[in-house]
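The next block holds one structure in the form of structure tokens; read it before the comments.
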């Protein structure tokens, strides 16, 4: 599968007249090779075999994870690959301009300057986020990893709710740590991100960090969390009420349910991401709460918790089959409380596939 991914990048590079592409972003390296170490870079060549570089700590790991790519052992990895690219005749070398530091770019320029002094000229050409654009379309294996990651998160929340762990008297930190531990026990490599547990007025803060605030009866409890499986991240938010739900809580909850349903229904191949955002946002605006929906509707998810495409008012592009995205509208009333409901879904040629299966009916514990 990784060889096929490299071939896609190879073809795109050839269309741009490049002789090679230097991939330095570690997640992109993982996507294209399977390598999971902390130091590695890849040279994808348009008319010859590829080359993978790492240092001596990872020679055994590279032999196992990247058996089909020629190995270069050099701790400098990126300059070493650039020198080798020029030595093997590359004249136009693509590079990930969004990933290299200024010092890193200067290092590459020095390599090319030295090569030019020796009579072998080459130039650097930015490929921007070419690999990230490729990563936006998930293959069957990636989608299966996402399904498993979502299933772990679903089960972890279900178990905590059934055991009475989400109850007044506990703190946000206690709930968050227990949720993380449960996902690990169920097979997650790690939480997808720092788990958000927000109760009471804190639930009106979209990305509240859990603290010592005590859960109280009658408050909202917002849980935004996910599990990482095979390097792929799930993302889900559910909001529930502890004890009796007041009328205002039910009102904004049902509003967010309607908005989220509209956003999910808009996930169709070819639909502009701005239009998807508008489908959900218009529901909230029509109810008079437009100013209380303060973020984009969603984002892509995969090897990163936030990746292409971005679904929001400032988004660009349209949906394609195989994209894994979130739909997560919210209404946040400062000082009172807020609701967010989020699912992870796969865009398909038919209806989107829902991966986060926890019920979205208002749960009152």
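Values as computed for the structure displayed
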{"read-out": "Overall Cα dimensions of the stretch 243-365, principal axis frame, Å, largest first", "value": "41, 28, 25"}
{"read-out": "Principal-axis tilt of helix 2-15 within the chain, Cα atoms, nearest 10 degrees", "value": "70"}
{"read-out": "Estimated [θ] at 222 nm from DSSP helical runs (n ≥ 4, -39500 (n - 2.57)) normalised by residues in the chain, nearest 500", "value": "-11500 deg cm²/dmol"}
{"read-out": "Between 0 and 90°, nearest 10: helix 247-265 axis offset from the chain longest Cα axis", "value": "40"}
{"read-out": "Ordering of 19-30, 171-182 by packing [mean C-beta count within 10 Å, highest first]", "value": "19-30, 171-182"}
{"read-out": "Length gained when the stretch residue 47-residue 173 is fully extended (0.36 nm per residue, less Cα-Cα span)", "value": "39.9 nm"}
{"read-out": "Degrees between helix 140-162 axis and first principal axis of the chain (Cα, 0 to 90, nearest 10)", "value": "30"}
{"read-out": "Two-site label geometry, residue 258 and residue 116: point separation in nm, points 7 Å out along Cα→Cβ", "value": "6.3"}
{"read-out": "Descending principal axes extents, the chain, alpha-carbon based, whole Å", "value": "77, 40, 36"}
{"read-out": "The stretch 35-91 versus the stretch 297-343: alpha-carbon centroid distance in Å", "value": "35"}
{"read-out": "Burial ranking of peptide ranges 216-224, 248-256, 288-296 (average Cβ count within 10 Å, highest at the top)", "value": "216-224, 248-256, 288-296"}
{"read-out": "Rg to Rh, two decimals, where the stretch 136-354 supplies the alpha carbon set and Rh follows Kirkwood", "value": "0.96"}
{"read-out": "Cα shape, the stretch 13-106, gyration tensor, a/c 1.5 rule", "value": "prolate"}
{"read-out": "Listed residues 144, 163, 96, most fluctuating in the chain (Gaussian network, C-alpha, under 10 Å)", "value": "163"}
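Read the figures in this text as sums done on the coordinates, not as results from a lab. In this text the structure is predicted, and so the values were computed from the model without any measurement. Cβ coordinates were reconstructed from backbone atoms using ideal geometry, including for glycine residues, and neighbour counts include every protein chain displayed.
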